[in-house]
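To start, the structure under review is shown below, and the notes come after it.
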Amino acid sequence: MKGVIITKYAMAALEAILPANNFLRVHRSFLISINKIDSFTADEIDIRGQPIPVGNFYKQQALEILNDI
């Protein structure tokens, strides 16, 4: 599936449902598939040319996980 998915689920509910080893919350508005990441910096993740911001609250955890991949 490609594109944006719109749902009535809260992000926290989706985060709880999706497998933690495949998905990562990087911003209050973004939950991403780890295997789709092309590149990343401390502030941004690139997926197929689309920049995804990394929120300050999620930055430390996201970088720890991404640096281990």
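Evaluation of L24 against the conditions (1) at pLDDT below 95; (2) part of a strand (DSSP E or B) shows that the sole unmet condition is (1).
So how many residues does the range 4-27 have that are of a type in the set (D, E, K, R) and either surrounded by fewer than 12 Cβ atoms within 10 Å (Cβ to Cβ) or under 14 Å from I65 (Cα atoms) (or both)? If you could, list the steps in order and put the result at the bottom.
Step one: filter the range 4-27 for residues of a type in the set (D, E, K, R), giving 8, 15, 25.
Restricting the remaining residues to those that are either surrounded by fewer than 12 Cβ atoms within 10 Å (Cβ to Cβ) or under 14 Å from I65 (Cα atoms) (or both) gives 8, 25.
Counting residues in the range 4-27 that are of a type in the set (D, E, K, R) and either surrounded by fewer than 12 Cβ atoms within 10 Å (Cβ to Cβ) or under 14 Å from I65 (Cα atoms) (or both) gives 2.
Is one or more of the residues making up the range 5-17 of a type in the set (S, T, Y), under 11 Å from the mean Cα position of the chain (by Cα) and assigned to a loop (DSSP other than H, G, I, E, B)? Within the range 5-17 (the criterion being of a type in the set (S, T, Y), under 11 Å from the mean Cα position of the chain (by Cα) and assigned to a loop (DSSP other than H, G, I, E, B)), the answer is no, since none of the residues qualifies.
Among residues of the range 46-69 that are touching a residue at least 24 places away in the same chain (Cβ under 8 Å), those with a beta-carbon under 6 Å from a residue that is assigned to a helix (DSSP H, G or I) and among the aliphatic types (A, V, I, L, M) at least six positions away or on a different chain give the pairs V54/A62.
Can you confirm whether the range 30-49 contains a residue that is at pLDDT 95 or above, part of a strand (DSSP E or B), loosely packed, with under 11 Cβ neighbours inside 10 Å and not acidic (D, E)? Yes, because at least one residue in the range 30-49 is at pLDDT 95 or above, part of a strand (DSSP E or B), loosely packed, with under 11 Cβ neighbours inside 10 Å and not acidic (D, E).
The values are calculated or read from the model by the stated rules, or taken from the named source; none is laboratory data. Here the structure is a predicted model, which is why all the values come from computation and not from measurement. Please note: Cβ atoms are built from the backbone with ideal geometry, for glycine as well, and neighbour counts cover all protein chains shown.
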